[in-house]
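Inspection log for the structure reproduced underneath, given as structure tokens.
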Amino acid sequence: MKKIICLVLLCCLFLTGCGNYTEKNIIDSVENKLNKGNGYKLSGDLSVNNNDENYNYDIEVSYKKKDYYKVVLTNKQNDHTQIILKNNDGVYVLTPLLNKSFRFQSDWPYNNSQIYLINSLINDIKNDKERKFVKKDNQYIFNTRVKYPNNSKLVNQKIIMSDNLKLEKVIVYDKNGVTAMTMNFDKIDYSPNFKKDEFNLDSIVKDDKSEALESASLDDIIYPLYIPSGTKLVNEDKVKKQNGERVIMNYDGDKSFVLVEETADVFNEFTVIPTMGEPYLVMDTFGVATDNSLSWVSSGIEYYLISDVMSKDEMMEVAQSISGIVSMK
């Protein structure tokens, strides 16, 4: 009898070693890795697709139990870096090139899905009772819904793990089934060593080697490629400011809004700016989203989009249609 029991146990161990996990085994196993250690570090690359343009980032994530996060995003096209930091003092979006940081009193990263955070991906899997799970080509694949309040066009994701439960790739799709974001994971360390000041704002600013951006000039006005039906540009003013230029564009109609473009201010000393709203990813940068506004900085130009009548989705669609390509009115 003992021989039979041992044989059964050996078979179970053999099957497990070969990657024959059940859906519940996978969830439990990844959660155990998260709970057993003091956090994790990971690296990879993120691709964001928007209006036939691709924005590519190198990403490094540090997570320490229970509420410390640091996400470093480096734009591969221009080598510009931004950092999202969460510690006991709040949530920060640091932009070293401008020598400044926005500070939020925010629930980030818990208020929406996060393609590059393992915690968020596991929560998406657990919270979707209608999720789909398959094993295909030595991979385990979860299909789940996603929650992106600032962009409800993003509706579901595919989470891909290898047969030894290494997280390999996440693909987020829009409502038309078009790939919107792809995250490829390179290295994941569930037993990391953190520096004493890993999540300290002052230390991160001190250690960052980025050179401050020189003041840009507003050589060309960039117009949105998308404007809501029944809305048109009715007024445009270009004015001088202390260190550069500003353009104010008024769009009137069924979905009226104001778009401001100005040369970004580069501070002499690192400055923290208290901000209402939430951090969000738009094209090649992180910005700030509130109920009636979006703001972001790209290529040395600061953008503000304000509307009392447009939804977040509508504002996001206008914002995402603004690129470095000068368009017709």
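Remarks
- Condition met for VAL309 (in a loop (DSSP other than H, G, I, E, B) and either touching a Leu at 6+ places or on another chain (Cβ under 7 Å) or assigned by TED's automatic domain parsing to the domain that holds ASP52 (or both)): no
- None of ASP291, ASP284, ASP265, ASP308 is surrounded by fewer than 17 Cβ atoms within 10 Å (Cβ to Cβ) and closer than 22 Å to SER113 by Cβ except ASP291.
- Output for the range 143-172, where each listed residue is within 26 Å of SER29 (Cα to Cα) and of a type in the set (S, T, N, Q): ASN143, THR144, ASN156, GLN157, SER162, ASN164
- Candidates in the range 214-231 are the residues that are surrounded by 14 or more Cβ atoms within 10 Å (Cβ to Cβ) and touching a strand residue (DSSP E or B) at 6+ places or on another chain (Cβ under 6 Å); of these, the one that is nearest to ILE322 (Cα to Cα) is ILE221.
- Subset of the range 171-204 that is polar (S, T, N, Q) and touching a residue at least 40 places away in the same chain (Cβ under 8 Å) - its residue that is surrounded by the fewest Cβ atoms within 10 Å (Cβ to Cβ): SER191
- Which listed residue is surrounded by fewer than 19 Cβ atoms within 10 Å (Cβ to Cβ) and outside the structural domain of VAL297 (by TED's automatic domain parsing), from LYS70, LYS65: LYS65
- The range 268-281 - residue that is part of a strand (DSSP E or B) and either polar (S, T, N, Q) or touching a helix residue (DSSP H, G or I) at 6+ places or on another chain (Cβ under 9 Å) (or both) and, of those, surrounded by the most Cβ atoms within 10 Å (Cβ to Cβ): TYR280
- Residue match in the range 104-114 (condition: more than 13 Å from the chain's Cα centre (by Cα), assigned to a strand (DSSP E or B) and free of Cβ contacts under 8 Å to residues at least 12 places away in the same chain): no
- In the range 162-192, the residues that are under 14 Å from SER47 (Cα atoms) and among the β-branched types (Val, Ile, Thr): VAL170, ILE171, VAL172, VAL178, THR179, THR182
- Those residues of the range 43-67 which are among the polar types (S, T, N, Q) and either assigned to a strand (DSSP E or B) or modelled with pLDDT of 90 or more (or both), in sequence order: SER43, SER47, ASN49, ASN50, ASN54, ASN56, SER62
- TYR69, sole failed condition from (1) closer than 30 Å to LEU225 by Cα; (2) in contact (Cβ under 8 Å) with a residue 40 or more places away in the chain: (1)
- MET249 being among the aliphatic types (A, V, I, L, M), in contact (Cβ under 8 Å) with a residue 40 or more places away in the chain, farther than 17 Å from PHE104 by Cβ and not assigned by TED's automatic domain parsing to the domain that holds VAL93: no
- Of all the numbered requirements in (1) within 30 Å of ASN88 (Cα to Cα); (2) acidic (Asp, Glu); (3) in contact with a Leu (Cβ under 8 Å, 6 or more places away or on another chain), ASP174 misses one, and that requirement is (1).
- The set of residues in the range 140-168 being touching a Lys or Arg at 6+ places or on another chain (Cβ under 9 Å), surrounded by fewer than 17 Cβ atoms within 10 Å (Cβ to Cβ) and of a type outside the set (A, V, I, L, M, F, W, C) consists of ARG145, PRO149, SER152, LYS153, LYS158, ASP163.
The values are calculated or read from the model by the stated rules, or taken from the named source; none is laboratory data. The structure presented is a predicted model; accordingly, all values stated were derived computationally and were not measured. Methodologically, a virtual Cβ is constructed for each residue, glycine included, from the backbone with ideal geometry; neighbour enumeration extends over all protein chains shown.
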